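Here's the structure, in structure tokens; my notes come after.
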Amino acid sequence: MADLANLPSPLVELHDERLERRGVHLRLKRDDLIGPDLPGNKWRKLRYNLEAARQQGFTRLLTFGGAYSNHIRATAAAGHHLGFETVGVIRGEEHHPLNDSLAHARAHGMTLTYLDRATYRRKAEPDVIAELTREFGPCYVLPEGGSNGLAVRGTAELAGEITTGFDIICCATGTGGTLAGIAAGLRGPQRALGFAVLKGGRFLDDEVRRLQLEALGTVTTNWDVDADFHFGGYAKRRPALDSFIEDFGDRHGITLDWVYEAKMLYGLFERAEAGCFRPGTRVVAVLS
Ligand SMILES: *Cc1c(COP(=O)(O)O)cnc(C)c1O
């Protein structure tokens, strides 16, 4: 299958006095730079799924997401470039005009359809899937956020691209697929730390275990979820987060995505300030 992404993604050092005075050394894994249409972790999660879809003879992908879902947008782009029809099943009501994410998905040929919140909650159940398949024809169904066993196999390749030593790798965590894979790809005493971007993130412990079990048949113990930096919930923001993003842009010339990356880095900087990392710790933070 054609590669839509320039992998491996770059690894760059970030000098920030707030970390350096705590003895923390940070590098950014710039998965956000691997392709114009595709956040890196979304491509990694799709890759083996699209291969499986093709092998199983499907010409159409169907998946689920909220109105701001990067996964919806990425599936539309990947389908467009690789010759799959795509159907995006969106939570809640249709709003006009479409927001940027959905407009972008539509521009890549995705058919959008909407489920009320109660039905959306039951989206993985056979009767809901059967109804969607009746309407749109046979589809390779990807779960919300694209996280399943094959997605975990894809994200597991990320750590292997990093050839310099590190102790901890951090990522933003929504469904847990990225964290599950990254942890699976680590070596020796390295650990993965996921910052939950939604409220009540403790459920992610179970999700990461379930996904690892599906992908690997086993669960690793080299990861943690930090659930304290959700800023009120998924796609919610607060003035403190906005100032962090603005200040980070001024210092480093990087505009952080506020749904995911800014929450992770805010959490990482807070934990460093609180002395949670022993001096000398080498951290990699994944931007997707
Ligand atoms: C989807 C996404 C994540 C979270 O990935 P999960 O596998 O759902 O935990 C993190 N960062 C960005 C930019 C994303 O688009």
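Let me know the charge dipole size of the stretch 59-138 about its Cα centre in debye, to the nearest 20, where only the beta-carbon of Lys, Arg (+1) and Asp, Glu (-1) is charged.
180 debye
So for the stretch 32-125, Kirkwood radius off the Cα pairs, Stokes-Einstein at 10 °C and 1.306 mPa s: how many µm² s⁻¹?
Value of D from the Cα-based Kirkwood radius: 117 µm²/s.
Considering all projection directions equally, how large on average is the shadow of the alpha-carbon convex hull of the stretch 84-233, in square nanometres?
Value for the stretch 84-233: 11.0 nm².
State the extension gain, in nm to one decimal, for the chain segment bounded by Ile129 and Gln55, taking 0.36 nm per residue of separation less the distance between their alpha-carbons.
Gain in length upon complete extension: 24.5 nm.
Using +1 on the beta carbon of Lys and Arg, -1 on that of Asp and Glu, and nothing else charged, what's the dipole of the chain about the Cα centre, debye to 20?
Dipole magnitude for the chain comes out near 440 debye.
Can you tell which of Gly88, Ala74, Tyr114 lies farthest toward the positive end of the dipole of the stretch 59-138, using +1 and -1 charges on the Cβ of basic and acidic side chains (Lys, Arg; Asp, Glu)?
Ala74
List the GluC sites (Glu not before Pro) in the stretch 77-151 that DSSP assigns to loop (not H, G, I, E or B) and whose Cβ has at most 12 other Cβ atoms within 10 Å. Which are they?
Hits after loop and neighbour filter: Glu93, Glu94.
With viscosity set to 1.002 mPa s and temperature to 20 °C, compute the Stokes-Einstein D of the stretch 170-261, Rh being the Kirkwood radius across alpha carbon pairs; µm²/s, no decimals.
153 µm²/s
List the lysines whose alpha-carbon lies under 19 Å from that of Lys199, not counting same-chain residues fewer than 8 positions away?
Excluding near neighbours in sequence, the set is Lys236, Lys263.
Label points 7 Å out from Cα along the Cβ direction at Leu213 and Ile254: separation in nm?
According to this spin-label approximation, the distance is 3.5 nm.
Could you tell me how many degrees, from 0 to 90 and to the nearest 10, lie between the Cα long axis of helix 70-82 and the main elongation axis, the longest principal axis, of the Cα atoms of the chain?
For 70-82 against the chain, the angle is about 60 degrees.
Pull out the extension gain between Tyr114 and His96, defined as 0.36 nm times the separation in residues minus the alpha carbon to alpha carbon distance; nm, one decimal.
Stretched out fully, the Tyr114 to His96 stretch lengthens by 5.2 nm.
Let me know the volume per residue of the alpha-carbon convex hull for the stretch 159-199, in Å³.
63 Å³
Using the beta-carbon distance between Ala274 and Arg121 and R0 = 41 Å, what value does 1/(1 + (r/R0)^6) give for FRET efficiency, to the nearest 0.05?
After rounding to 0.05, the efficiency reads 0.65.
Please sort by residue number the trypsin sites (Lys or Arg not before Pro) in the stretch 174-224 whose DSSP state is loop and whose Cβ has at most 16 other Cβ atoms within 10 Å.
Qualifying residues, ordered by number: Arg187, Lys199, Arg202.
Give me the distance in nm between label points sitting 7 Å out from Cα along the Cα-to-Cβ direction at Asp242 and Thr221, one decimal.
4.5 nm
Using only the alpha carbons of the chain, determine the length spanned along each of the three principal axes and report them from longest to shortest in whole angstroms.
Principal-axis extents of the chain (Cα, largest first): 59, 40, 33 Å.
Let me check the size of the stretch 92-169 from its C-alpha atoms; what are the radius of gyration and Dmax in Å?
17.6, 51
With a 1.4 Å probe and every protein chain kept in, tell me what percent of the accessible surface of the chain is carbon plus sulfur.
Summing carbon and sulfur atoms, their accessible area is 49 percent of the total for the chain.
Can you show me the helix-derived [θ] at 222 nm for the chain, built from DSSP H runs with n ≥ 4 at -39,500 (n - 2.57) apiece and divided by the number of residues, rounded to the nearest 500.
Rounded to the nearest 500, it is -12000 deg cm²/dmol.
For the stretch 145-187, what is the accessible area per residue in Å² when the probe is 1.4 Å?
Per residue, the stretch 145-187 has an accessible area of 25 Å².
The values are calculated or read from the model by the stated rules, or taken from the named source; none is laboratory data. Just so it is clear, the model here is predicted, and its values are computed rather than measured. We place every Cβ from the backbone using ideal geometry, glycine too, and count neighbours over all the protein chains shown. The area values use the complete protein model at the heavy-atom level, side chains included, leaving out ligands, DNA and RNA. Shrake-Rupley method; radii C 1.70, N 1.55, O 1.52, S 1.80 Å.
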